[in-house]
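Notes to accompany the following structure.
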């Protein structure tokens, strides 16, 4: 039902969440796109999805529908999101508890290649190429800079 509500192949679903409220559940659909996603696209998907839900369950069903894009603080969850952010600075949390921060250079079939910032004792920053498998990543966030 959901993929057919998307206006183009450039958009994709990142996450669908349904609240536990039995009286009036909230359905949250988070979309992203290869070139980002705008408010007009979210509104179009919302209208299409509303129509599909009402057709399938009738108008007497009570729910709240929110269609949105991922916020700047939301972690990356799909390979397509990584591809969109090549050239940006990322912070990775790995399964072993370690963290890496660096610029995303390339998205590979099984992971990513970043140029990691390694600080030395002299407080000099060295750029070290590093490859990380998707299976080793717990969480990836874009580092927002206001410089």
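On the basis of being at pLDDT 90 or above and either surrounded by fewer than 16 Cβ atoms within 10 Å (Cβ to Cβ) or over 22 Å from residue 55 (Cα atoms) (or both), does residue 16 make the cut? I'd like the intermediate steps shown before the answer.
On the way: at pLDDT 90 or above: yes; either surrounded by fewer than 16 Cβ atoms within 10 Å (Cβ to Cβ) or over 22 Å from residue 55 (Cα atoms) (or both): yes.
So residue 16 passes the test.
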Identify the single condition in (1) touching a helix residue (DSSP H, G or I) at 6+ places or on another chain (Cβ under 9 Å); (2) closer than 30 Å to residue 25 by Cα; (3) not in a strand (DSSP E or B) that residue 96 does not satisfy, given that it satisfies every other one. (2)
Condition check for residue 71: without any contact (Cβ under 8 Å) to a residue 12 or more places away in the chain and closer than 30 Å to residue 20 by Cβ: yes
Conditions (1) more than 11 Å from residue 137 (Cβ to Cβ); (2) surrounded by fewer than 17 Cβ atoms within 10 Å (Cβ to Cβ) -> residue 107 fails only (2)
So, of the residues in segment 35-82 that are part of a helix (DSSP H, G or I) and more than 24 Å from the chain's Cα centre (by Cα), which turns out to be modelled with the lowest pLDDT? 57
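Among the candidates 44, 127, 76, 94, which residue alone is over 19 Å from residue 9 (Cβ atoms) and crowded, with 16+ Cβ neighbours inside 10 Å?
Sole residue among the options that is over 19 Å from residue 9 (Cβ atoms) and crowded, with 16+ Cβ neighbours inside 10 Å: 76.
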Those residues that are in contact with a strand residue (DSSP E or B) (Cβ under 8 Å, 6 or more places away or on another chain) and not in a strand (DSSP E or B), I need them from segment 9-34; list them, please. 10, 19, 24, 25
Of (1) surrounded by 15 or more Cβ atoms within 10 Å (Cβ to Cβ); (2) free of Cβ contacts under 8 Å to residues at least 60 places away in the same chain; (3) out of contact with any helix residue (DSSP H, G or I) (no Cβ under 9 Å at 6 or more places or on another chain), residue 59 satisfies every one except (1)
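The values are calculated or read from the model by the stated rules, or taken from the named source; none is laboratory data. Just so we're clear, the structure is a prediction, and the values are computed from it rather than from any experiment. Here Cβ is always computed from backbone atoms with ideal geometry, including for glycine, and neighbour counts include all displayed protein chains.
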